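Participant: Before anything else, here's the structure in question.
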Amino acid sequence: MRFPLPREKDAWMNCSICLCCRCLKREITILPVAWCRLFYRSMAFNKRLKIGTRKSALAMTQAQQVRDALCATLRGWDIELIPITTTGDRFLDVPLSSIDDKGVFLKELEEALLEGEIDCAVHSMKDVPTEQPPGLTIAAMLHREDARDALIAAVELAALPRGSTIGTSSSRRITQLRAFRPDLRCAAVRGNVDSRIRKWREGQYDALVLAVAGLKRMGFTQCIAQILPLDIMLPAAGQGAIGIETRTDDYRVINIVSVLDDPVTHCAVAAERAFLAALGGGCRRPIGVYGELRDEQLHLYGRIIDEHSNAVIEGKISGRSQECEVIAQNLARQLLATT
């Protein structure tokens with residue numbers, strides 16, 4: 001069935017109520033008329049959106065970024081941020097590895113989403129497990145910030161004195177640091193970005209390793225001594241990317257947030273997550289992975305580090321971006337074959 005153009009086409013194309021205008025702009029003319037009319041009515045009478053987020057300063061900053069972008073698209077809408085405390089936020093003095101729950105920063109948000117208390121949830125994609133609860137989906141990913149890790153110190157990594165203490169609780173970061181500098185000592189550090197920076201300034205650590213994206217979003221780039229190159233430190237899957245999670249059957253919200261989706265980011269992060277899933281590593285194994293798109297080609301780099309011997313197994317693979325998950329699975333098999 002062809003989609004009928006409305007009489008007041010110009011006004012309708014800018015109404016900011018029904019996202020069917022996106023279909024018209026793309027000359028998609030096969031939408032069922034009955035579905036469109038129903039969708040239009042539901043949108044017109046419900047111009048509210050509740051966005052769930054963690055309460056940390058970084059999480060609130062990222063959620064505000066999503067809200068601002070949606071407000072620019074949905075004029076006249078009431079878009080509210082709903083801060084929610086997660087398990088990971090309640091136990092800041094406990095190593096994440098001791099908490100028997102992969103989704104420590106998501107569980108409460110996803111429960112609120114499934115129960116209809118919020119319409120969508122904003123996450124750091126590196127915190128999202130490769131397996132999502134039934135009924136939920138990542139509907140959009142914003143344009144990715146720098147995915148790399150940064151060293152917070154007075155000097156670069158190679159110039160740190162022998163035996164220096166690096167503040168990080170990530171097994172991925174610890175194993176890669178030790179592979180490059182076996183003499184360094186790693187000590188656990190938890191807390192928000194600002195509290196970690198404060199502990200470093202107080203002299204509790206000689207250096208920290210934190211994500212570049214978080215440092216940029218929180219305004220701490222002046223503390224960066226070195227952005228660690230990928231040959232030293234591969235990031236976590238999804239690092240630097242902000243994802244928006246919705247209910248799989250909530251087409252209204254899916255259509256709303258999809259305007260923020262960046263296809264390049266979505267493809268790269270999907271490949272990284274597929275690589276992680278193929279290895280069965282979840283969030284806890286020391287695995288680094290990074291995907292980038294150039295000229296419609298996906299280039300995927302993966303690394304596994306043995307926690308005891310610091311032995312590194314790494315590889316890279318390229319292929320058509322449309323086959324990102326297959327490429328990721330092939331790289332995982334390639335690395336597993338050498339273990």
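Where a number appears in this text, it was derived from the coordinates with a stated rule and is not lab data. Bear in mind the structure is a predicted one, so any value in this text is a computation, not a measurement. Every residue, glycine as well, gets a Cβ built from its backbone with ideal geometry; the counts of neighbours run over all protein chains shown.
Participant: Of LYS47/LYS107; LYS126/LYS316; LYS107/LYS316; LYS126/LYS199; LYS199/LYS316; LYS50/LYS107, which pairs sit farther than 29 Å apart, going by alpha carbon to alpha carbon? Provide the component values of the computation, followed by the final result.
Facilitator: Numbers: LYS47/LYS107 27 Å; LYS126/LYS316 20 Å; LYS107/LYS316 33 Å; LYS126/LYS199 24 Å; LYS199/LYS316 37 Å; LYS50/LYS107 17 Å.
In this structure, LYS107/LYS316; LYS199/LYS316 exceed 29 Å between Cα atoms.
Participant: Once amide H atoms are built 1.01 Å from N in the peptide plane, which residues 5 or more positions from LEU210, or in another chain, come under 5 Å H to H?
Facilitator: ALA150, ILE152
Participant: If each Cα of region 273-336 is one equal point scatterer, what is log10 of I(q)/I(0) from the Debye formula at q = 0.12, 0.23, 0.24 Å⁻¹?
Facilitator: -0.28, -0.90, -0.96
Participant: Pull out the extension gain between ASP261 and ALA158, defined as 0.36 nm times the separation in residues minus the alpha carbon to alpha carbon distance; nm, one decimal.
Facilitator: Full extension from ASP261 to ALA158 adds 33.3 nm.
Participant: Are there any GluC sites (Glu not before Pro) in region 280-322 that are in a DSSP loop and have at most 15 other Cβ atoms within 10 Å? List them by number.
Facilitator: Taking region 280-322 and a limit of 15 other Cβ atoms within 10 Å, the loop GluC sites (Glu not before Pro) found are GLU296, GLU307.
Participant: All other residues with a Cβ under 15 Å from the Cβ of GLY52 taken together, and with Lys, Arg as +1 and Asp, Glu as -1, what is their net charge?
Facilitator: Value of the local net charge: -4.
Participant: When you count, for each residue, the other Cβ atoms within 10 Å and take the mean per peptide, how do 200-211, 231-242 rank with the highest first?
Facilitator: 231-242, 200-211
Participant: Now for a different question. Between VAL312 and ARG333, how high is the FRET efficiency from 1/(1 + (r/R0)^6) when r is the Cβ-Cβ distance and R₀ = 25 Å? Nearest 0.05. List each step's numbers first, then the result.
Facilitator: Details: r = 18 Å, r/R0 = 0.72.
FRET efficiency, VAL312 to ARG333: 0.90.
Participant: Compute log10 of I(q)/I(0) for region 141-185 with the Debye formula, placing one identical point scatterer on every Cα and leaving out solvent, at q = 0.17, 0.19, 0.20, 0.32 Å⁻¹, to two decimals.
Facilitator: Taking Cα atoms of region 141-185 as identical point scatterers yields -0.54, -0.64, -0.69, -1.39.
Participant: A further question on this structure: Largest first and in whole Å, what are the equivalent-ellipsoid semi-axes of region 149-227 based on the Cα gyration tensor, each being the root of 5 times an eigenvalue?
Facilitator: Listed largest to smallest, the semi-axes of region 149-227 are 18, 12, 12 Å.
Participant: Test of understanding: extend the Cα→C-beta vector of ARG294 to 7 Å, then name every residue of region 313-339 with backbone N under 13 Å from that spot.
Facilitator: Zone members listed by number: 317-319.
Participant: Another question about this same structure. Which net charge results when you count Lys and Arg as +1 and Asp and Glu as -1 among the other residues whose beta-carbon is under 11 Å from that of MET218?
Facilitator: Every neighbour counted, the sum reads +2.
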